[in-house]
Amino acid sequence: MAEDQATAGKETSAVEKQQETTEAEAPTLTITKRMMVAIDESDSSFYALQWVIDHFSNLLMTTEAAEAEGGLLTVVHVQSPFHHFAAFPAGPGGATAVYASSSMIDSVKKTQQEASAALLSRALQMCLAKQIRTETLVLEGDAKDMICQAVEQMHVDLLVVGSRGLGKIRRAFIGSVSDYCAHHANCPILIVKPPKETTT
């Protein structure tokens, strides 16, 4: 009987040691460290940004602990590329290409840069109000492709986009950035829909 008690004591201590080892080796939960929010001039994209600020601010705060953990919000805006020429019909069976002058190109690019700066400034103000660690990024090209490329290159943990609520016909013709990213982005994606407007 004494032997049984001694054996039981040894088994208990072995189990306790195994539990200690298992707890020490247990993987820690992964926390989303890098989020990206894509914005444009639409209200739905800024609603998505505000939603992230309201729901994830504790992960992205500008505290020393958060900075050590690497919590960071990237706000990205994609400018449409400027085409230097436009073709239009000019009589029977022909088309004419009109090329933009260098001054017109410079003017359009300057306007695009100013619009991007205004959008990102508004986004930064929203983030700074909640002390969120933020960086901004301006890209040029097709928004769907550029966002997915940025997600992959920057190793983003979560992509957040707004939903414009396009009708079926418009979505069929011009496509949806959120729908494309949901199928092609190399990370989890959160599509934030704005609340339905109440009609009174």
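Only residues that are in a loop (DSSP other than H, G, I, E, B) and modelled with pLDDT under 70 were counted across the range 161-200, and they come to 8. The set of residues in the range 97-137 being without any contact (Cβ under 8 Å) to a residue 12 or more places away in the chain and among the hydroxyl-bearing types (Ser, Thr, Tyr) consists of Ser101, Ser102, Ser103, Ser107, Thr111, Ser121. In the range 119-148, the qualifying residues are those that are within 16 Å of the chain's Cα centre (by Cα) and basic (Lys, Arg), and the one that is surrounded by the most Cβ atoms within 10 Å (Cβ to Cβ) is Lys144.
The set of residues in the range 149-164 that are over 12 Å from the mean Cα position of the chain (by Cα) and open to solvent by 20 Å² or more (accessible area, probe 1.4 Å) comprises Gln153, Arg164. Residues that are among the polar types (S, T, N, Q), over 15 Å from Ser116 (Cβ atoms) and either modelled with pLDDT under 95 or not in a helix (DSSP H, G or I) (or both) within the range 132-152 comprise just one, Thr134.
The values are calculated or read from the model by the stated rules, or taken from the named source; none is laboratory data. Keep in mind that this is a model prediction, so the values were computed, not measured. Please note: Cβ atoms are built from the backbone with ideal geometry, for glycine as well, and neighbour counts cover all protein chains shown. These accessible areas exclude ligands, DNA and RNA; they are computed on the full protein's heavy atoms, side chains included. Shrake-Rupley method; radii C 1.70, N 1.55, O 1.52, S 1.80 Å.
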